[in-house]
Structure formats: C-alpha cells, structure tokens
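The values are calculated or read from the model by the stated rules, or taken from the named source; none is laboratory data. None of these values were measured; they are calculated from a predicted model. Because the Cβ atoms are built from the backbone with ideal geometry, glycine has one as well, and the counts that use them run over all protein chains shown.
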Amino acid sequence: MTPPYQDLSRFTMPENFRGRPGWYVQLWWVVEALLFRPSPQFLYGWRRWLLRAFGATVGPGVVIRPTVRTQFPWKVSIGEHAWIGDDVVLYSLGEIHIGPHAVVSQKTYLCTGSHDPEDPSFPIFSLPIYVGAQCWLATDVYVAPGVTIGAGTLVGARSSVFKDLPAGKVCMGSPARVVKDRVTGSVPAEKNEHP
Amino acid sequence: MTPPYQDLSRFTMPENFRGRPGWYVQLWWVVEALLFRPSPQFLYGWRRWLLRAFGATVGPGVVIRPTVRTQFPWKVSIGEHAWIGDDVVLYSLGEIHIGPHAVVSQKTYLCTGSHDPEDPSFPIFSLPIYVGAQCWLATDVYVAPGVTIGAGTLVGARSSVFKDLPAGKVCMGSPARVVKDRVTGSVPAEKNEHP
Amino acid sequence: MTPPYQDLSRFTMPENFRGRPGWYVQLWWVVEALLFRPSPQFLYGWRRWLLRAFGATVGPGVVIRPTVRTQFPWKVSIGEHAWIGDDVVLYSLGEIHIGPHAVVSQKTYLCTGSHDPEDPSFPIFSLPIYVGAQCWLATDVYVAPGVTIGAGTLVGARSSVFKDLPAGKVCMGSPARVVKDRVTGSVPAEKNEHP
C-alpha cells in the first residue's frame with residue numbers, strides 16, 4: 001500500500017521542539033524515575049524542589065503526588081496551593097499553566113501535543129493548556145491541546161475537554177459541556193440562585 | 001483573585017479520616033511498593049495475606065493482581081472467589097465492599113472520596129461503594145463515591161457509574177444506564193425471555 | 001446466595017490458552033519488568049529485539065515506548081514504522097495485528113480477551129484485533145475484542161471502539177462512530193471534497 005495517510009519514515013522532530021538538549025531531557029526522566037517517583041508521599045517539598053531544579057515554576061504550598069508524570073518540567077507552571085493528584089500526566093510538549101488553588105485530580109491527562117492528520121509526514125505540534133485558578137478537574141479528566149478552562153470551573157469525573165470552557169461553571173461529559181453555574185458558599189446570595 | 005471557589009490553604013484533613021495513624025499508612029504504602037507490587041502474578045496467596053495483615057477482609061480464593069493499588073486496606077472487604085484485575089485502583093478513603101464471585105476487571109477505578117465544591121475550604125469526605133456478589137465490572141469502569149451496584153449486574157467496558165444500579169442487569173455508558181436484563185444459563189427459562 | 005450468574009470457583013483456563021508454557025509466560029513478565037520497562041526511551045532497537053526474542057513480529061523502524069505493556073508478545077505483530085505510545089497496553093490474550101505506519105497513541109488499550117457472561121463458569125475467550133496500516137488511534141482509545149479498524153482511519157482521543165470501523169474515516173465517541181472522511185494532502189483533490 002502506497003501511503004496516502006501516514007508515512008512515518010518521513011517524520012522528523014522540529015528543531016528544539018523540546019526546548020532543551022536531548023541529554024537534559026533524558027536526565028530529567030532518570031531523575032523522575034529514581035528520585036521523584038519513589039519518594040514517600042509526604043515529601044511534597046522535595047518534589048517541588050526537583051521540578052523547580054528542572055525549570056518548572058511551582059508556587060508555595062503546591063501538593064504534587066509521587067505518581068505524577070511530567071514530560072518537560074521547563075514548560076510547566078503551577079500556582080500556589082494547587083494540587084496535582086495521583087497518576088496525573090502533565091504531557092507538556094507545549095506549555096501547561098495551572099492556576100493557584102486549582103485541583104487536578106487523579107488520572108487526569110493534560111495533553112498539549114498532537115499531529116496534523118492531513119499531512120502524511122505526520123508533523124508534530126503543541127498547543128498550550130491553561131487551567132484557571134481554583135478550577136477542579138475531577139478524576140480521569142482528559143484535556144486536549146490548546147484548551148483554556150476558566151477560573152473556578154469544575155469539570156466532572158471522566159469528562160473529556162476538547163474546547164475552551166468558561167469560568168465559574170460546572171461542566172460534564174465527553175465532550176464536556178456546561179451543566180450549570182458553580183455555586184459557592186462565599187459568593188453573594190443572588191449568584192447562588194442559578195440552577 | 002480573592003478566592004470565591006477554592007482556598008486550599010484553608011484545607012484540613014478531618015481527624016482520623018484515614019482510620020489509622022500516619023506512620024501506619026506510610027508503612028502500608030512501603031509494603032505495597034516493595035512486597036505487593038513486585039510479586040510474581042501467581043503468588044495470589046501472598047497478596048491476600050498482605051492485605052489481611054493490614055486489616056482487609058479477603059475471602060478464600062480471591063484473585064488479586066500485583067498491579068492493583070489499595071489506598072487503605074483496612075477499609076476493604078472482598079468476598080470469596082472474587083477477582084480484582086490489573087491496574088485496578090481501590091481508592092478506599094471510605095469503605096469498599098466487593099461481593100463474592102464478583103469480577104472487577106482491569107483499569108477499573110473505585111472512587112470513594114470527594115470534596116464539597118460549594119465550600120471554599122474544599123472539605124474532603126468519603127462515601128462507601130458496594131459491588132454486589134457476582135457482578136462483573138468490565139475494563140476501565142469508573143464507580144463514583146456512594147454507589148451500590150446490585151448483585152449479578154454487568155457493567156460494560158469504559159462505563160462510568162455515578163448512581164446506584166439495580167441487580168441482575170446489563171448496564172452501559174457514561175452515565176451507566178440499564179440496557180437489558182442479564183441472561184444466565186442457570187436461571188429458569190422464563191427469566192431468559194427478557195430482551 | 002446460590003450463584004445464578006457467576007460461580008468463579010468453577011472457572012478453568014482452557015488448555016494452551018496462552019500459547020506458551022507457564023514458566024515461559026512468567027519469564028516474559030520478568031524480562032518485561034527488569035529489561036524492557038526500565039530501558040531509556042531512546043533504546044527503541046533494544047525493545048524491538050526483546051519483543052522479537054519472545055516471538056513478536058516487529059517490523060523495522062517500529063517505535064515502542066518503555067511503558068508499553070504486552071501480555072503475550074508471541075501473539076503480536078507490528079508493521080514497519082508503526083508507533084506504540086506511552087502506557088499503551090497490548091492485552092494480547094488473542095492476536096493483535098498493527099499495520100505499518102500505524103500510530104497507537106498513549107494510554108490506548110487493545111483488549112482481545114473477554115468472558116461469556118451467560119455461563120456461570122465464566123469461560124474466557126479471545127478474539128483478534130486488527131489495526132490497519134496508517135491508522136491513528138489517538139490518546140486513551142479503547143478497542144474491544146474482535147474489532148477490525150480499516151486502513152488509514154483516525155480514531156479520536158478517548159473514543160471506545162466496540163465494532164469494526166471502515167477504512168479512511170475519522171471516527172469519534174463511545175461507541176465510536178464515523179464522523180467524516182479522513183482528508184489527506186496526498187490524495188486526489190476530488191477525494192478531499194467530502195465534508
């Protein structure tokens with residue numbers, strides 16, 4: 001079969017796609033495997049330090065579990081007091097920005113990389129992901145490349161987010177859609193009257 | 001941004017939420033990492049013994065794979081001859097009860113923990129999960145906190161169960177819904193006439 | 001409760017279901033844990049060699065990540081220049097055939113095994129999976145036992161494929177359905193006019 005769709009022998013990595021030399025990338029993966037992943041859960045400060053040592057911006061009080069995997073820490077920023085849960089993957093071929101006090105729950109996958117399916121050489125590209133301050137992405141949420149999730153929005157468990165979501169909403173499903181406003185005990189009463 | 005939705009600096013763990021002292025929880029995780037997870041697949045008796053040593057109720061003949069992860073074994077009960085497949089997570093912040101002869105297939109996630117999204121201090125809570133006798137949760141099923149699945153019910157691969165499911169049904173989807181009665185070769189013929 | 005649905009004490013593995021003696025299967029899992037999984041990402045040739053040593057057919061130029069898990073390599077064939085991404089599971093109780101230049105992206109699960117839910121002895125069986133040449137299964141796709149995906153077809157992230165999909169399409173959802181023709185820069189213009 002002559003390839004009309006994908007001829008992966010023609011694939012090439014764009015220059016400096018990873019943003020660091022190859023040996024540095026490999027070094028991070030060794031460090032992640034040997035020093036980050038086996039660390040006891042309560043050593044949150046140690047893991048923040050490791051990520052910062054490899055170029056991540058990590059605010060004070062960030063809670064990140066040992067089972068989190070970070071593709072390229074130098075493309076990640078995490079605001080103060082945010083939580084990153086068990087088995088979360090920060091697939092940061094492109095930039096990932098997680099706002100302060102946001103919660104990214106277990107098994108959630110933030111995917112910044114994709115390929116152009118119309119070009120048989122299957123060129124790789126990345127688009128940044130922005131998770132707003134005080135968002136909550138619940139268990140096993142998928143976020144696609146280029147997506148921005150507005151501040152305070154809650155995305156329900158097992159949802160898949162393919163397009164931007166506005167701020168202050170509860171969203172669910174695959175693809176994730178707005179279900180209702182997010183209610184909070186600290187906002188004025190009139191705001192809480194939305195269904 | 002003043003936090004209207006989540007101020008995680010105010011989060012506190014409720015007293016005795018885990019049901020065991022902190023050192024005991026850490027000890028379990030070390031034991032799981034060093035003795036449970038690397039054990040060869042055929043050592044089912046060894047893994048049953050480890051779980052029981054940390055307070056789980058595990059019936060005879062239970063088949064549990066080395067890649068299973070158990071948050072707090074002392075909150076788990078598994079009936080005789082049940083199977084727990086590869087990469088299953090028993091996220092037992094609350095109690096998880098799995099009935100005899102039930103099958104929990106690979107990658108299934110039983111999630112007993114959640115947070116109140118309306119309270120900015122983001123309080124954690126747990127609700128128990130009950131998987132009935134002779135249920136089959138197929139590959140990569142998600143079960144939400146507080147859910148009871150009736151005996152004998154089959155939940156199809158990749159389904160997400162957010163609400164209780166009745167006994168003796170085949171259920172599918174996200175959210176999982178009843179599709180039909182579960183037919184079985186050993187029940188009277190008239191029961192098999194349901195679509 | 002007398003078991004009408006599942007009596008797992010009556011379960012037996014069919015003779016030679018795995019296609020190799022028990023010690024050989026265990027040996028593969030030890031090799032996978034100690035030699036395949038910890039290998040640095042760039043050692044693609046080493047991992048191809050290991051899979052071939054255990055009976056897999058692996059074409060030249062195949063890119064397979066260290067986090068891939070292969071149940072029984074002797075039931076797997078992967079065509080030239082295909083890619084198998086991070087955390088992919090090739091659950092090859094039955095045969096898995098992946099065509100040349102196909103891409104199986106991260107977290108995708110190819111499941112060839114199932115059970116007869118109408119027989120209380122819960123007999124296991126397997127059905128082969130065929131992923132056509134130049135297909136792209138994107139992140140976290142599930143493929144059910146017995147499914148054939150036609151050449152060049154793109155299955156979107158987080159989709160679940162329960163039935164065969166035709167060639168040259170873009171498919172999405174759970175269950176995955178055809179959304180449109182797959183367009184490619186190298187096909188004649190008239191083919192690109194489909195929506």
(request) Inspect all residues belonging to the stretch C:91-104 and state whether any of them is modelled with pLDDT of 95 or more, in contact with a Leu (Cβ under 6 Å, 6 or more places away or on another chain), crowded, with 21+ Cβ neighbours inside 10 Å and within 14 Å of chain A (Cβ to nearest Cβ). (result) yes
(request) May I ask you to verify whether A:L8 is out of contact with any Cys (no Cβ under 8 Å at 6 or more places or on another chain), within 13 Å of chain C (Cβ to nearest Cβ), crowded, with 16+ Cβ neighbours inside 10 Å and under 29 Å from B:P117 (Cβ atoms)? (result) no
(request) Could you grab me the full set of residues in the stretch B:133-158 that are at negative phi and more than 9 Å from chain C (Cβ to nearest Cβ)? (result) B:L137, B:V141, B:Y142, B:V143, B:A144, B:P145, B:V147, B:T148, B:I149, B:G150, B:V155
(message) Looking at the stretch A:122-132, can you tell me whether even one residue there is surrounded by 23 or more Cβ atoms within 10 Å (Cβ to Cβ), within 24 Å of A:G185 (Cβ to Cβ) and within 13 Å of chain B (Cβ to nearest Cβ)?
(response) yes
(request) Could you tell me which residue of the stretch C:66-78 is farthest from the other protein chains (Cβ to nearest Cβ), considering only residues that are over 11 Å from the mean Cα position of the chain (by Cα) and surrounded by fewer than 22 Cβ atoms within 10 Å (Cβ to Cβ)? (result) C:W74
(message) Condition check: under 26 Å from B:R48 (Cβ atoms), touching a Ser or Thr at 6+ places or on another chain (Cβ under 7 Å) and of a type outside the set (F, W, Y). Does B:D164 satisfy that?
(response) no
(request) May I ask you to list the residues in the stretch C:1-27 that are among the aromatic types (F, W, Y) and part of a helix (DSSP H, G or I)? (result) C:W23, C:Y24
(request) Check C:V25, C:V58, C:V63 and return the single one that is crowded, with 17+ Cβ neighbours inside 10 Å and either in contact with a Cys (Cβ under 8 Å, 6 or more places away or on another chain) or within 14 Å of chain B (Cβ to nearest Cβ) (or both). (result) C:V25
(message) Restricting to the stretch A:66-109, count the residues that are part of a loop (DSSP other than H, G, I, E, B), within 30 Å of A:S9 (Cα to Cα) and out of contact with any strand residue (DSSP E or B) (no Cβ under 8 Å at 6 or more places or on another chain).
(response) 1
(request) Just give me the residues in the stretch A:111-132 being out of contact with any His (no Cβ under 6 Å at 6 or more places or on another chain) and within 22 Å of A:P60 (Cα to Cα), in sequence order. (result) A:I129, A:V131, A:G132
(message) Against the condition in contact with a helix residue (DSSP H, G or I) (Cβ under 7 Å, 6 or more places away or on another chain), within 24 Å of B:H115 (Cα to Cα), within 14 Å of chain B (Cβ to nearest Cβ) and surrounded by fewer than 23 Cβ atoms within 10 Å (Cβ to Cβ), how does A:G85 come out, does it pass?
(response) no
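Go through the stretch B:28-54 and report how many residues are in a loop (DSSP other than H, G, I, E, B) and within 14 Å of chain A (Cβ to nearest Cβ).
First pass over the stretch B:28-54, keeping only residues in a loop (DSSP other than H, G, I, E, B): B:37-43, B:54.
Applying the additional criterion that residues be within 14 Å of chain A (Cβ to nearest Cβ) yields B:37-38.
Residues that pass the stated criteria total 2.
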(message) Looking at B:R52 and the list (1) within 17 Å of the chain's Cα centre (by Cα); (2) surrounded by 15 or more Cβ atoms within 10 Å (Cβ to Cβ), which single condition is not satisfied?
(response) (2)
(message) Which count do you get for residues in the stretch B:110-143 that are assigned to a loop (DSSP other than H, G, I, E, B) and within 18 Å of A:W83 (Cα to Cα)?
(response) 8
(request) Please name all residue pairs, on different chains or six or more residues apart, with Cβ atoms under 8 Å, provided the first residue is in the stretch C:96-115 and is at positive phi and the second residue is among the hydroxyl-bearing types (S, T, Y) and in a strand (DSSP E or B). (result) C:K107/A:Y109
(request) Take A:G168 and decide whether it is without any contact (Cβ under 8 Å) to a residue 12 or more places away in the chain and touching a helix residue (DSSP H, G or I) at 6+ places or on another chain (Cβ under 9 Å). (result) no
(message) From the list A:S121, A:S174, A:S126, A:S160, exactly one residue is over 24 Å from B:V161 (Cβ atoms), touching a strand residue (DSSP E or B) at 6+ places or on another chain (Cβ under 9 Å) and not aliphatic (A, V, I, L, M). Which is it?
(response) A:S126
(request) Check off (1) out of contact with any His (no Cβ under 9 Å at 6 or more places or on another chain); (2) within 12 Å of chain C (Cβ to nearest Cβ); (3) modelled with pLDDT under 95; (4) part of a loop (DSSP other than H, G, I, E, B) for B:A167 and give me the number that stays unchecked. (result) (3)
